[in-house]
Amino acid sequence: MELPGTLNEAVTQLKRLPGIGERSAIRLALSILSWDQENIKNLSSSLSGLLDIKNCISCNALCDNEVCSLCNDPNRIDKPIMCVVESMSDLLAIENSGEFAGSYFVLSGVLNPLKGIGPDEIGVPNLCKAAINRKISNIVLAVNPSIEGDATCSYLNEVLPDGIIVDRIGFGVPMGGSLEYLDSMTISQALKNRKTL
């Protein structure tokens, strides 16, 4: 049986989500159809609201305003330590561990010259400016362990301003693993076991 056009379009869009295949997308779409109209409108409005999400002008994290809540927290922003992550989901994973209380900087991925992703594309100049402006003395690179992640960390170690101690997150994180899928204890141990580059 062929799905109605509107339902088929919803299934097509849901399949774009990570880990969602054809059957899961159909189940999700049918489940949403069983909701009352008000809840469907709320979901639609929430998804449309994603278009208004901004990047923090200070740390590049996602936020509603120009500056995120972490950068507005005086208990964090005045500390001379910064954690550099490659994505917002990595920042959330570290925050959920409860082990880090400094400021953050969210890169827009990792270096990958073969795909045309260089320092400007991931925000390295903004990271260097933020480190200087915040008077950072220690940076923890919490970048996923991969070939590109290792190359990014080596590059950052070279270009970050002199006088900043650069640490790399400990390798309690499995090679090829992703921070967003790790439990809080593993992330906590990785932060405790970081090493200076």
Selection within the stretch 186-197 - part of a helix (DSSP H, G or I), free of Cβ contacts under 8 Å to residues at least 40 places away in the same chain and more than 19 Å from the chain's Cα centre (by Cα): Q189
Condition met for C128 (in contact with a Leu (Cβ under 6 Å, 6 or more places away or on another chain), surrounded by 14 or more Cβ atoms within 10 Å (Cβ to Cβ) and under 26 Å from C63 (Cα atoms)): no
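A93: in contact with an Asp or Glu (Cβ under 7 Å, 6 or more places away or on another chain) and crowded, with 17+ Cβ neighbours inside 10 Å, yes or no? Working first, answer last.
Numbers: in contact with an Asp or Glu (Cβ under 7 Å, 6 or more places away or on another chain): yes; crowded, with 17+ Cβ neighbours inside 10 Å: yes.
Criteria met by A93.
Which ones in the stretch 75-95 are of a type in the set (A, V, I, L, M), within 18 Å of I165 (Cα to Cα) and in contact with a helix residue (DSSP H, G or I) (Cβ under 8 Å, 6 or more places away or on another chain)?
Initially, the stretch 75-95 is screened for residues of a type in the set (A, V, I, L, M), giving 77, 81-82, 84-85, 88, 91-94.
Adding the requirement that they be within 18 Å of I165 (Cα to Cα) leaves 77, 81-82, 84-85.
Those that are of a type in the set (A, V, I, L, M), within 18 Å of I165 (Cα to Cα) and in contact with a helix residue (DSSP H, G or I) (Cβ under 8 Å, 6 or more places away or on another chain): M82, V84, V85.
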Filter result for P174 (within 14 Å of E86 (Cα to Cα) and either part of a loop (DSSP other than H, G, I, E, B) or touching a Cys at 6+ places or on another chain (Cβ under 9 Å) (or both)): no
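I'd like to know if the stretch 36-43 contains one or more residues that are more than 30 Å from N65 (Cβ to Cβ), out of contact with any Lys or Arg (no Cβ under 6 Å at 6 or more places or on another chain) and assigned to a helix (DSSP H, G or I).
Of the stretch 36-43, the ones more than 30 Å from N65 (Cβ to Cβ) are 36-37.
Now drop any that are not out of contact with any Lys or Arg (no Cβ under 6 Å at 6 or more places or on another chain), which leaves 36-37.
This time we only want the ones that are assigned to a helix (DSSP H, G or I), so: 37.
Taking every residue of the stretch 36-43 in turn, at least one turns out to be more than 30 Å from N65 (Cβ to Cβ), out of contact with any Lys or Arg (no Cβ under 6 Å at 6 or more places or on another chain) and assigned to a helix (DSSP H, G or I).
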Selection count, the stretch 101-120, where residues are touching a Cys at 6+ places or on another chain (Cβ under 8 Å), buried (at least 21 other Cβ atoms within 10 Å of the Cβ) and either β-branched (V, I, T) or not in a strand (DSSP E or B) (or both): 1
Residue check, R194 modelled with pLDDT of 90 or more, charged (D, E, K, R) and in contact with a strand residue (DSSP E or B) (Cβ under 8 Å, 6 or more places away or on another chain): no
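Quick check on my filter: what residues within the stretch 134-149 are free of Cβ contacts under 8 Å to residues at least 40 places away in the same chain and either over 20 Å from the mean Cα position of the chain (by Cα) or surrounded by fewer than 17 Cβ atoms within 10 Å (Cβ to Cβ) (or both)? Full working, then the answer.
Within the stretch 134-149, the first condition is being free of Cβ contacts under 8 Å to residues at least 40 places away in the same chain, and the residues that meet it are 145-148.
S146, I147 - these are the residues of the stretch 134-149 that are free of Cβ contacts under 8 Å to residues at least 40 places away in the same chain and either over 20 Å from the mean Cα position of the chain (by Cα) or surrounded by fewer than 17 Cβ atoms within 10 Å (Cβ to Cβ) (or both).
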Residues that are exposed (fewer than 11 other Cβ atoms within 10 Å of the Cβ) and assigned to a helix (DSSP H, G or I), drawn from the stretch 44-73: S45, S46, L47, S48, G49, L50, L51, D52
Test for R76: is it of a type in the set (D, E, K, R), in a helix (DSSP H, G or I) and within 25 Å of S188 (Cα to Cα): yes
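Looking at K135, K129, which one is among the basic types (K, R) and assigned to a helix (DSSP H, G or I)? Steps first, answer last, please.
On the way: K135 fails: assigned to a helix (DSSP H, G or I).
Result: K129 is the single residue among K135, K129 that is among the basic types (K, R) and assigned to a helix (DSSP H, G or I).
The values are calculated or read from the model by the stated rules, or taken from the named source; none is laboratory data. Everything numeric in this text was worked out from a predicted model, so none of it was measured. For neighbour counting, all protein chains shown are included, and Cβ atoms are generated from backbone atoms with ideal geometry for every residue, glycine included.
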